[in-house]
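Engineer: Provided herewith is a single structure, encoded as structure tokens, for subsequent inquiry.
The values are calculated or read from the model by the stated rules, or taken from the named source; none is laboratory data. Since the structure is predicted, the reported quantities are computational estimates derived from the model, not experimental observations. Cβ sites come from the backbone with ideal geometry, for glycine too, and all protein chains shown count toward neighbours. For accessibility, only protein heavy atoms count, side chains too; no ligands or nucleic acids. Shrake-Rupley method; radii C 1.70, N 1.55, O 1.52, S 1.80 Å.
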Amino acid sequence: MKKFIIYLLLLSFATFVHSQQLSSYCQTDTITIVKDSMDYSLITYKPINCNVILTAIRPDTAATDIFFAASAAFTAKNYKEIVGRFVGIDTVIANTTENETGLCSLTGNQAYIGPINDSLMYYYHAVQDENECYFQQMLLIYNEQKVECKIFGKQKPTFRRALVIKDNELLVIESLNRMNIDDFTDMMIEIGCTDAIYMDMGTWSEGFFVDEKGDKTVIGALRQNTKHQTNWLEFKK
């Protein structure tokens with residue numbers, strides 16, 4: 001009888017552990033790359049059992065079904081509008097682009113990342129028909145090839161973030177060091193990213209993620225314009 005009870009307890013514990021492993025969360029990993037005798041670090045945010053969406057409503061930090069959130073598209077200089085065409089779960093916007101070169105359509109836990117001149121209107125209208133999401137940003141990598149990004153010009157190195165496809169999975173990658181956009185893109189290619197589109201950073205970089213233990217961590221080194229953020233990419237349960 002005792003053996004049977006012990007067996008049941010072990011079975012229950014194994015079931016509990018298995019259920020914990022299947023829960024939704026954001027897995028992180030840090031990758032260090034040596035370039036010109038300097039160590040640079042990238043952090044990857046990998047959603048586990050999550051779907052990706054876009055929204056124009058500020059995420060509730062107390063919500064229990066959001067496991068990653070950060071700005072995606074740029075915010076206009078008037079601090080009120082999303083730059084470019086945008087389709088969120090709650091908003092459809094047809095604003096004009098400024099310098100954006102890439103588009104991203106999102107569904108479930110998958111994404112298509114490509115150039116704006118690649119059937120621009122097709123993707124914008126298609127996601128609305130399928131209740132999917134869409135935004136425009138700076139294209140950094142397309143089909144494993146680096147895409148030149150000129151808008152930052154001679155801007156001093158800063159922290160960078162991008163939505164990427166790596167090993168056929170959707171991830172967010174962020175630099176833990178200040179770096180120029182070319183070095184950031186080169187490093188993402190070096191670690192195997194096949195496609196990448198920029199996410200708003202600078203003083204708009206505040207976001208958060210929730211790890212496997214349920215602990216929430218705020219991300220983004222520069223947060224002065226957090227109150228003006230107009231849109232968010234979220235990984236949700």
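Engineer: Taking only Cα atoms and a 10 Å spring cutoff, compute GNM fluctuations for the chain and point out the largest among Gly192, Gly84, Gly207.
Structural biologist: Per the Cα network of the chain with a 10 Å cutoff, Gly192 tops the list.
Engineer: Which residue, chosen from Asn225, Asn49, Met201, occupies the Cα position most advanced towards the positive end of the dipole of the chain, where the dipole is computed from +1 (Lys, Arg) and -1 (Asp, Glu) charges on Cβ about the Cα centre?
Structural biologist: Among Asn225, Asn49, Met201, the one farthest towards the positive end of the dipole of the chain is Asn225.
Engineer: Kirkwood hydrodynamic radius of region 73-119 from all distinct Cα pairs, in Å?
Structural biologist: Numbers: mean 1/r = 0.0854 Å⁻¹.
Computed over region 73-119, the radius equals 11.7 Å.
Engineer: Specify which labelled value, from (1) 67, 40, 30; (2) 73, 49, 35; (3) 53, 33, 33, agrees with Cα extents along the principal axes in Å derived from the coordinates of the model shown.
Structural biologist: (2)
Engineer: Between Asn143 and Thr32, how many nm apart are label points set 7 Å from Cα along the C-beta direction?
Structural biologist: Going by the 7 Å Cα→Cβ label model, 3.7 nm.
Engineer: Here's a follow-up. Counting other Cβ atoms within 10 Å, which chymotrypsin sites (Phe, Trp or Tyr not before Pro) in region 60-111 have at most 14 and lie in a DSSP loop?
Structural biologist: Details: sites: Phe67, Phe68, Phe74, Tyr79, Phe86; in loops: Phe74, Tyr79.
Of the chymotrypsin sites (Phe, Trp or Tyr not before Pro), the ones in loops of region 60-111 whose Cβ has at most 14 other Cβ atoms within 10 Å are Tyr79.
Engineer: Solvent-accessible area of Asp36, probe 1.4 Å, all protein chains present, reported in Å² to the nearest ten, please.
Structural biologist: Estimated to the nearest 10 Å², Asp36 gives 130 Å².
Engineer: Please label the shape of region 85-201 as rounded, prolate or oblate, based on the square roots a ≥ b ≥ c of the eigenvalues of the alpha-carbon gyration tensor (a/c under 1.5 means rounded; beyond that, a/b larger than b/c means prolate, else oblate). Mind dumping the intermediate values first?
Structural biologist: Numbers: a/c = 1.94, a/b = 1.51, b/c = 1.29.
Since a/c reaches 1.5 and a/b is larger than b/c, the shape of region 85-201 is classed as prolate.
Engineer: Right, another one. Using the heavy atoms of the protein chains and a 1.4 angstrom probe, tell me the accessible area per residue for region 128-179 in square angstrom. Present the calculation step by step, with values, prior to reporting the outcome.
Structural biologist: Numbers: 2760 Å² over 52 residues.
Ligands and nucleic acids excluded, the figure is 53 Å² per residue.
Engineer: Once the Cα atoms of helix 120-129 and of the chain are each reduced to a long axis, what angle between those two axes, in degrees from 0 to 90 to the nearest 10, is obtained?
Structural biologist: Long axis of 120-129 versus the principal axis of the chain: about 40 degrees.
Engineer: Let me ask something else. Report the GluC sites (Glu not before Pro) located in region 158-237 that are in a DSSP loop and have at most 16 other Cβ atoms inside 10 Å of their Cβ, or state none.
Structural biologist: Numbers: sites: Glu169, Glu174, Glu190, Glu206, Glu212, Glu234; in loops: Glu206, Glu212.
Filter output for region 158-237: Glu212.
Engineer: Could you tell me the accessible area of Val218 in Å² (1.4 Å probe, neighbours in place), rounded to the nearest ten?
Structural biologist: Its heavy atoms expose roughly 70 Å² to the probe.
Engineer: Using a Gaussian network model of the chain with C-alpha springs under 10 Å, which one of Lys46, Lys80, Lys166 is most mobile by mean-square fluctuation?
Structural biologist: Maximum among the listed residues: Lys80.
Engineer: Also, quick follow-up: Compute the angle between helix 2-21 and the longest alpha-carbon principal axis of the chain, please, reported from 0 to 90 degrees and rounded to the nearest 10.
Structural biologist: Approximately 0 degrees, to the nearest ten.
Engineer: Counting pairs of alpha carbon atoms under 8 Å apart in space and at least six apart in sequence, what relative contact order in percent does the chain give? Working shown, then result.
Structural biologist: Working: 542 pairs, mean separation 64.2, N = 237.
Relative contact order, the chain: 27 percent.
Engineer: Taking 8 Å as the Cα distance limit and 6 or more residues as the minimum spacing, I'd like the relative contact order of region 122-195 as a percentage. Numbers along the way, then the final one.
Structural biologist: Working: 90 pairs, mean separation 24.8, N = 74.
Once normalised by length, the contact order is 34 percent.
Engineer: Where the centre of each part is set by its Cα atoms, how far does region 196-237 sit from region 126-174, in angstrom?
Structural biologist: Taking the Cα centre of region 126-174 as reference, the centre of region 196-237 is 15 Å away.
Engineer: How much of the accessible area of region 106-156, in percent, comes from carbon and sulfur atoms when a 1.4 Å probe is used?
Structural biologist: On the way: 1340 of 3060 Å².
Carbon with sulfur: 44 percent of the solvent-accessible area.
Engineer: Once you charge only the Cβ atoms, +1 for Lys and Arg and -1 for Asp and Glu, what is the size of the charge dipole of the chain about its Cα centre, to the nearest 20 debye?
Structural biologist: Details: 22 positive and 29 negative charges, 154 e Å.
I would put it at about 740 debye.
Engineer: Let me ask something additional. Of Ser41, Ser175, Ser71, which has the largest mean-square fluctuation in a 10 Å C-alpha GNM of the chain?
Structural biologist: Ser41
Engineer: Would you rank Arg223, Arg85 by solvent-accessible area, highest first, keeping every protein chain in place and using a 1.4 Å probe?
Structural biologist: Values: Arg223 105, Arg85 55 Å².
Accessible-area ranking of Arg223, Arg85, largest first: Arg223, Arg85.
Engineer: Residue separation times 0.36 nm, minus the C-alpha to C-alpha distance between Lys156 and Ala76: what's the value?
Structural biologist: Values: separation 80, 0.36 × 80 = 28.80 nm, distance 2.09 nm.
The span from Lys156 to Ala76 would gain 26.7 nm if fully extended.
Engineer: Relative to the longest principal axis of the chain, what angle (0 to 90°, nearest 10) does the C-alpha long axis of helix 181-190 take?
Structural biologist: Relative to the chain, helix 181-190 is tipped by roughly 40 degrees.
Engineer: With each pseudo-label sitting 7 Å past Cα toward Cβ, what's the Ala63-Asn225 distance in nm, one decimal?
Structural biologist: Distance between the two pseudo-spin positions: 2.3 nm.
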